[in-house]
Structure formats: structure tokens, C-alpha cells
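Below: one structure, written as C-alpha cells.
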Amino acid sequence: MRILVSCQQSAQRHPVPAYKFWRPYFVHGLEEAGHEALEVPGIDWAEGLVRPPGAALDLWRSRTWESVRAFARAELRQRPIDLFLSYLYPKQIEVGAIGDLQRMGIPCVNFFCDNVREFCNVPREYRPFALHWVPEFEALPMYRAAGLAHIHAPMPCWIPKNLRSVPATETEPATFIGSADILRRDLLSRASQAGARFKVRGPGWAPSSSNGREPARSWSLSGIIANQFVTLRSQGVMALLRKMESRIRPLYPAPLPLDIIAAAPAGDTEYSRIIREATVCLGINRVPTARHSNHAPLRYSRLRDIQGPMLGACYLTEWTEGLSYLFEVGSEIEAYRTPEELADKLDELTLDVERRRAMRARAQQRALNEHSVPCSIARIIHQLGECEKVTCAASRIGRL
């Protein structure tokens, strides 16, 4: 199949969270499955993430989607395009362009990985898509309620073939790799106090004079009121209440011991090596969001829950309901619900080298055999075929 791909490709470095890994994950995964991945030359998809609403974003959308239309028409004159596969935020989408592509005979499928973090309801910009790739178990009711065709498939992850084996040696202690935020600080500081022994690697972990407290800021009554109205319009009343709670009952994580903090990985090769060769690779699934309290945070399965096992890690992650649909918890991966349980399970795994090796092998084979991009694409293609049958049947009934 020939699949047109939009997955935040960009030749520039933009001030947004990491996005460059999505292209190799999608493109190499499609190519490994035997598909041809098409990309519109010259489009900076990630630029649409940094443009605020207004004329500049409108111009970017108009320019970008006209390029997509022109590319699709030119390609269709040569050979069919079987699918448009995208990873798009609502503000990047031109609804009319999705309709135009589908009228050209190109079904459009959108992947999005932060539904429960970003949305209360499925955005209207997503409605024209023929199918939605939904990785979060917790987001499925949202798409069911919207009446939209969707498929529950894992986060897309692709790793080179030379990394698809259990590492021969363990060269690193138990490790968490990722940037610091207030929820991760709180969880890991409490786990450390409960006796957990591990390293953290990534930006933001070095201690500061604020000790987790927000710096003092100047303010005015009019500014406060204006900010609250912005929050109310964009996130809803629950977000406003949570924002007030964070001021009244803030979370102050205890500082992590200095000997826990290690240097961030120097490049992708070192990053993969540490995940593979750590005695235990730690995952954290809680995320800060305006609609949830920091004292009872939102949790859902993240990309690391696929990436760690696929790299051959002995993986211990934060429990979410969706995990049991991915792995056999206890034999393929392990999961914790509290900082104290993290410490206990980490201690158990650290003392049992044979169990660690068995978990690595089982989880890696499960991830490669059932949760790879080729597997998800095969399911999407099958689901699109089923959707087409339903559409044709409905059309026939309507003509009776």
C-alpha cells in the first residue's frame, strides 16, 4: 500500500516537547510492513504546533494543506494513494482538506496520544476522519460517545533490528529517564524515602533554591480575573477549580538525594543503551493536567510502556487500567500503584536476576509480535475494510 504520512515532520527545531522521533517510528514501521511511506516535501508540520491562534496559524494551515492537496493530485495521476495516516492536533487540521482527500478516494486516519490529557470531548476537527487510532484505554468512552469509528491500538514504536534482543549484561542501576515535573518529583521522592534505590536522568532534576515551590510573582486583581476567564473558556469549570486547589493546597515534593541524579543520556544510542541495560527500567504514567488534582493525578499508559519492553528492558511501570491489555502484569512486566509499592517491587526485582531475564524476553517478544507498527497498521487496514462494508450496506438500505 502507498500511505501518505503526516507525523510532525520538520527540518527545524521548535520550542515544543520532543517530536522528531515520531517520523522514524511511523515511516520505518510502515516500510518494515512492506508499505510505501509518502511524505509531502517541504512541509514543516511541527510549525503548526507553535503558531498561536490567529493570522499566522491560518496562513500556515492554508499553505500546508494546499501543498497536501497538490501533492495528492499529482501522485494520484501516477498511482493510487491507499491511506492518509496522520498525527495531528486539532489546530493543525483544515477540515475541508480532510474532506477533499477522502473525496479523492484516500481514507484518512488520525492518531492522537494525549486524548484524556488534552480533551473533555473529541474535538470537532477530528470528526471528518474515517478512523481514529486511539492508544489510551481511558479515551475509548470519549470516542464511543461521539459515535466515531475508532480502533484501540498501542502507541506506535519502532526500534532498529540490532536492538531486538535481550541485552547480554546489565551495566546500569535501576533508572528512570525523563524530564522532571512536580508529579514525578513527588512520586520518586516518596519512593526514595520508602527505600527505593534508583537513578534519574533527564532535564530539570538538579536541585534549586525553591525546593519545589513556585517562585514569587507580581500580580494584580485584574490580571488574576483575566487569567481565570481564559482558563474557564479553554478548559472548563473543573480546570478552574483544580487551579484554585493547586494554590490553596500545593504539592511540595521533598528534594531527591543528590546521589540519585545522574547525567541525561547523550543522544539516542545512549538513551536506548541505558533503557536496555538498566537493572530495572522505571516508567511513570501520571501527568500534570488542569482538570485533575495533583493529589489524585491523571494516569494513562504512555509510549515508554511499549518502548521499554520492545528494547528488552526489565520494566516496572505505574499501573493503569490499560496495561493489562498490553502485557501480562507479573510475568512480562511489573506495575506499582503507590511509591511504597514501587520501592517493594523494585527491591524484589533487584534481588532476582533470573526473573528479570525472563521478564525481558517475554515482554520483548510480546511487544514485537503484537504491539509493533506493522501489527497496528494491519489492524487499521482491516478495520477500514469493515467500515467500508458498513457504509456500503447503509447506502444500499437507504436506496431501498
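Between 69, 197, 124, find the one with the highest GNM mean-square fluctuation for the chain; connect C-alpha pairs within less than 10 Å.
Taking springs between Cα atoms under 10 Å, the residue moving most is 124.
Over segment 254-400, with a single point scatterer placed on each C-alpha, what log10 of the ratio I(q)/I(0) does the Debye formula yield at q = 0.13, 0.20 1/Å?
Debye intensities relative to I(0), on a log10 scale: -0.71, -1.29.
Does segment 61-133 come out rounded, prolate or oblate by the C-alpha gyration tensor, with a ≥ b ≥ c the root eigenvalues, rounded set by a/c under 1.5 and, if not, prolate when a/b is larger than b/c and oblate if not?
Numbers: a/c = 2.51, a/b = 1.86, b/c = 1.35.
Taking the square roots of the gyration eigenvalues as a ≥ b ≥ c, segment 61-133 is prolate.
Distance from the Cα centre of segment 133-196 to that of segment 355-380, in angstrom?
Cα centroid to Cα centroid, the span is 14 Å.
With springs only between Cα atoms under 10 Å apart, run a GNM on the chain and tell me which of 167, 156, 309 wobbles the most.
167
Debye calculation, C-alpha points only, no solvent: report log10 I(q)/I(0) for the chain at q = 0.14 Å⁻¹, in the same order as the q values.
-1.38
What's the ranking of 129-138, 42-51 by average number of surrounding C-beta atoms within 10 Å, highest first? Display every interim value, and only then the final one.
Numbers: 129-138: 21.8, 42-51: 18.0.
Result, highest mean first: 129-138, 42-51.
In the chain, what % of DSSP beta bridges are antiparallel (nearest 5)? Write down the numbers at each step before the final one.
Values: 2 of 32 bridges.
Expressed as a percentage, antiparallel bridges in the chain total about 5.
With unit charges on the beta carbon (Lys/Arg positive, Asp/Glu negative), name the residue among 106, 60, 119 whose Cα is farthest towards the positive pole of the charge dipole of segment 1-136.
Going by the charge dipole, the pick is 60.
With a 10 Å cut-off between alpha carbons and a GNM built on the chain, which of 30, 38, 351 moves the most?
351
What is the extension gain from residue 152 to residue 36, computed as 0.36 nm multiplied by their sequence separation minus the C-alpha to C-alpha distance, in nm to one decimal?
Working: separation 116, 0.36 × 116 = 41.76 nm, distance 2.36 nm.
Using 0.36 nm per residue and subtracting the Cα-Cα distance, I get 39.4 nm.
So how exposed is residue 328, as accessible area in Å² (1.4 Å probe, rounded to 10)?
Answer for residue 328: close to 110 Å² accessible.
Can you find, among 377, 307, 177, the residue sitting farthest towards the positive end of the charge dipole of the chain, where Lys and Arg contribute +1 and Asp and Glu -1 at Cβ?
377
The values are calculated or read from the model by the stated rules, or taken from the named source; none is laboratory data. The structure displayed is predicted, hence computed values, not measured ones. Every residue, glycine as well, gets a Cβ built from its backbone with ideal geometry; the counts of neighbours run over all protein chains shown. Keep in mind that these areas ignore ligands, DNA and RNA; they rest on the heavy atoms of the full protein, side chains included. Shrake-Rupley method; radii C 1.70, N 1.55, O 1.52, S 1.80 Å.
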